[in-house]
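Notes follow once the structure below has been shown.
The values are calculated or read from the model by the stated rules, or taken from the named source; none is laboratory data. Keep in mind the model is a prediction, meaning the values are calculated, not measured. Backbone-built Cβ (ideal geometry, glycine too); neighbour counts: all protein chains shown.
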Amino acid sequence: MDGSALRTLDWVGGAGGAVEMVDQTALPAAYTLLRIDNVADMVAAIRRLSVRGAPAIGVAGAFGVALAVQAHGTRGPAFDDAVIQLREARPTAVNLARMVDRTAARAAEGLEAVLAEAAAIRDEELAASVAMGSLGADLVLELVARPDVRAMTICNTGGLAAVERGTALAVIQTLHERGRLAEALALETRPLLQGARLTAWELDRMGAPHRLLVDSAGPFMLARGEADVVLTGADRVAANGDTANKIGTFSLALGARHAGVPFIVVAPESTVDAATPDGAGIAIEDRGTDEVVSLAGVATAPDGTAAANPAFDVTPAELITAVVTDQRIVRLDQHQTPA
Ligand code: MRU
C-alpha cells in the first residue's frame, strides 16, 4: 500500500501473512503503516483507533480471524477466546461482531477459506462505497435545489473509515467529482478529532473545497443557512431507523431539523442491524475520562476532574430524512423503515 491508493487496510503475504493498515492515530502528522500479525495487536489497534470506522473495523475483525487461525488452528479454547476478543474490541458498530462471526463460521474449512471470506468482505465494502457515493449524490441533488451543494459532515466517514472512499464522505467525493460540490463543512469531532485530523486530510487529498468547524458551530451554521444538507455515517442503524453514530451527530440532526435542512445517513447494508428494533438496544461505548480531560497528552481540565465520554449517540429516526445504503434509499421522512 502507498499513500496514493489510500486503501486503509489489507491482507499482505498470502497464507502466513499479516494485516497492513494505515495508523490513523498518527495522521495528519505522519502517514505510517502498521503490520499486525497477531490477534492481541489487532484488538489493541481497534481499541486505540489505529483502525476505526464501522466498515473498516468489520474488515479488520475479519482479517483478525485469519490471524487467530494462523496462531491457534481452526478450533479450541484459544481460537474461541481470540474470536471473542476480536468481536468485543468495540461494542457499538455492528460491523465488527458481524464480520468476525461471518469469517469465524468458515474456520473449520481452514485458513484459505477464512482468508477468502475476509477478502470477500473487503471487496463488498469497496463496492458498497462506490454505490453509496452514487446513490447518495443522486439523492442530495434531488433534495437540494442548487447547482452546487454545501454539505456538512461529522467525524470521518471517508476511505479511512472503510476500505476506500467510505460512506458519507464518498457522497461528498462523488458530488465533487461531478462538479457539484460548493463546499464541505467538516466538524472537528472532539474528543479525538477525527473530523479535523482525518476528514480535512482526506478532503485536501481529493482537492475538495472545505472548511473546518468546531463541533458547537454546526447547528448555528445550519440555522444561518450555511449548509444545504447534513451527511453522516453510522455505526449501527436499528430496524426502525434510529442510528448510532459519532457523538455530536444527534445535536447536528436537531440543528438540521430546526433549520429545515435534510439530514441523510449513509451506511452500507452491513451496518443495518435488523435484529435491534430501535436505538434503545444499541450499546454505546464509553471511552473513559482521559480523552475528555486532555488533548494530545496535555491536560485541559484540573487534575481529578470526572468526565463522561460516550463515543457515540443515537439519532432518532424521526430526525433523519433518509438512510442511503449501497442498495437502496430508505425515506424515513416518508415513513419507510430499514427493516
Ligand atoms: O470512533 P470512530 O472514529 O470509529 O467513529 C466512527 C464513526 O462514528 C463513523 O461515522 C461511522 O463509523 C461510520 S464510518 C464510515
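Remarks
- Residues of the stretch 215-229 that turn out to be over 23 Å from Ala54 (Cα atoms) and either part of a loop (DSSP other than H, G, I, E, B) or among the acidic types (Asp, Glu) (or both), as a count: 6
- Selection from the stretch 235-245 of residues that are surrounded by 24 or more Cβ atoms within 10 Å (Cβ to Cβ) and either under 16 Å from Ala151 (Cβ atoms) or not charged (D, E, K, R) (or both): Val237, Ala238, Gly241, Thr243, Ala244, Asn245
- Residue match in the stretch 311-329 (condition: over 30 Å from Ala62 (Cα atoms), away from the ligand (no atom under 13 Å from the Cβ) and among the hydrophobic types (A, V, I, L, M, F, W, C)): yes
- Among the residues making up the stretch 248-288, those that are within 14 Å of the ligand (Cβ to nearest atom), surrounded by 14 or more Cβ atoms within 10 Å (Cβ to Cβ) and in a loop (DSSP other than H, G, I, E, B) are Gly248, Ala267, Pro268, Ile282, Ile284, Glu285, Arg287.
- If you go through the stretch 310-326 and pick out every residue that is part of a loop (DSSP other than H, G, I, E, B) and over 18 Å from the mean Cα position of the chain (by Cα), you end up with 2.
- Neighbours by Cβ (under 8 Å, 6+ apart or cross-chain): first from the stretch 157-185, among the charged types (D, E, K, R); second near the ligand (Cβ under 8 Å from one of its atoms) and at pLDDT below 95: none
Table: residues versus (1) of a type in the set (D, E, K, R); (2) crowded, with 24+ Cβ neighbours inside 10 Å; (3) part of a loop (DSSP other than H, G, I, E, B).
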site	(1), (2), (3)
Pro191	no, no, yes
Thr199	no, yes, no
Leu212	no, no, no
Leu231	no, yes, no
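- Hey, Leu141 touching a strand residue (DSSP E or B) at 6+ places or on another chain (Cβ under 8 Å) and either within 20 Å of Pro310 (Cα to Cα) or not hydroxyl-bearing (Ser, Thr, Tyr) (or both) or not: yes
- Residues satisfying the stated conditions in the stretch 33-67, i.e. within 27 Å of Ile282 (Cα to Cα), among the hydrophobic types (A, V, I, L, M, F, W, C) and more than 20 Å from the chain's Cα centre (by Cα): Val39, Ala40, Val65
- Scan of the stretch 256-280 for residues that are within 24 Å of Pro219 (Cα to Cα) and either of a type in the set (D, E, K, R) or in contact with a Lys or Arg (Cβ under 6 Å, 6 or more places away or on another chain) (or both), ordered by number: Arg257
- Test: residue in the stretch 305-328 that is hydrophobic (A, V, I, L, M, F, W, C), touching a Ser or Thr at 6+ places or on another chain (Cβ under 6 Å), surrounded by 22 or more Cβ atoms within 10 Å (Cβ to Cβ) and under 15 Å from Thr271 (Cα atoms): yes
- Count - residues of the stretch 141-186 that are within 12 Å of the ligand (Cβ to nearest atom) and of a type outside the set (A, V, I, L, M): 10
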